[in-house]
Amino acid sequence: MNNSGLLLYANNLTETEKLLANYILENQEQVAGMSLDELAKVSFSSISTIHRLCKKIGLTGFKEFKIKFVEELYSKMNKPENIDINFPFKKDDTQFQIASNIKQLYIDTLTNTFSFFNSEQLEDAVDLIYNAEIVDVYAVTNNIQTALNFQDKMQSIGRYVNVSLIPMNQVYRAAASNNKNKQVAIILSYSGKTPEIKEIALVLKRKEIETLVICSAQENYLTKLFKYHIFVSSKENLKKKISHYSSHIATQYVLDVIFSCIFNKDYEKNMEYRLNEFNKLDHRQVEE
């Protein structure tokens, strides 16, 4: 049995020791970072009481208890668990547990999204964007920030990417698209059900604009319209959730992969641009 279990089930403790044991169990994260004196102060216990408690659960003293307790706590926090993508934490979870759960949500989402990658589809998608002179990214609500992040990365290597913040302006841009200008589009839409995105998609289809769709692997209207698509982790509920954790992480990951592959196609050229041209616009004072 681990030390937490010994504290919980020990039956030979005095009332004072029980109070101390309960304090430790109820404040495990804080206790993990405390010294002997700090624990005594906050738990209203004496140092001798702490040592007696440690010995009653089979340890030599507080020093050994602290080492084993911290090891057990971090082992428990780092143990992979099945995280509910839509409700990754509960009302009574500690802040440290929430941090651990969100970390695991990231891992699960990225692992699941990576499993959808097909080397041929990825290569085709990267080539489509790489060979384009103009890239228009279409997105609404939470995907706007993800699109802007991609725009920023691409512009950092001298590539033009357009992101319009107003849905109606996106429709106008789609209508003004011209497939003779090496112009391509990226649509970010987890469900493919947003009315604005549907309208934009139909316009792009009519204008015969080559389009990459980044969306859920579930049945999606957009994948029926366009040849190029990359799926993301599809466990997120559209309405019943705390926030759009998984879809945001997955979409950001896919765009980061695309950017990285494009960067890698002209690695030396892009590195030189980053170091010489783009950095001239960065006025932050940093040490070399």
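The numbers here are math on the coordinates, done by the rules we state, and not lab data. Given the structure is predicted, the values throughout are model-derived calculations rather than measurements. Note that each Cβ is placed from the backbone with ideal geometry, even for glycine, and that neighbours are counted across all protein chains shown.
Summary of computed values
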read-out: At most 10 other Cβ within 10 Å, DSSP loop - GluC sites (Glu not before Pro), the range 188-266; value: E219
read-out: Average silhouette area of the chain, convex hull of alpha-carbon atoms, in square nanometres; value: 21.3 nm²
read-out: Assigned charges on the beta-carbon of Lys, Arg, Asp, Glu; the range 107-281 dipole about Cα centre (debye); value: 580 debye
read-out: Bins of 10 Å, starting at 0 and running to the largest distance - Cα pair percent for the range 63-204; value: 10, 27, 27, 18, 11, 5, 2, 0
read-out: Sum of -39500 (n - 2.57) over DSSP H runs of 4+, divided by residues of the chain (222 nm, nearest 500); value: -16500 deg cm²/dmol
read-out: Residues in the range 109-145 reached by a label modelled at Q155 [backbone nitrogen below 16 Å; 7 Å Cα→Cβ]; value: 134-138, 144-145
read-out: The range 98-154: C-alpha gyration tensor shape, a/c 1.5 cut-off, then a/b vs b/c; value: oblate
read-out: Alpha-carbon centroids, the range 192-239 and the range 120-165: separation in whole Å; value: 15 Å
read-out: From the C-alpha gyration tensor of the range 33-130, square roots of 5λ in Å; value: 47, 14, 11
read-out: Size-normalised alpha-carbon gyration radius of the range 19-76, reference 2.2 N^0.38 Å; value: 1.01
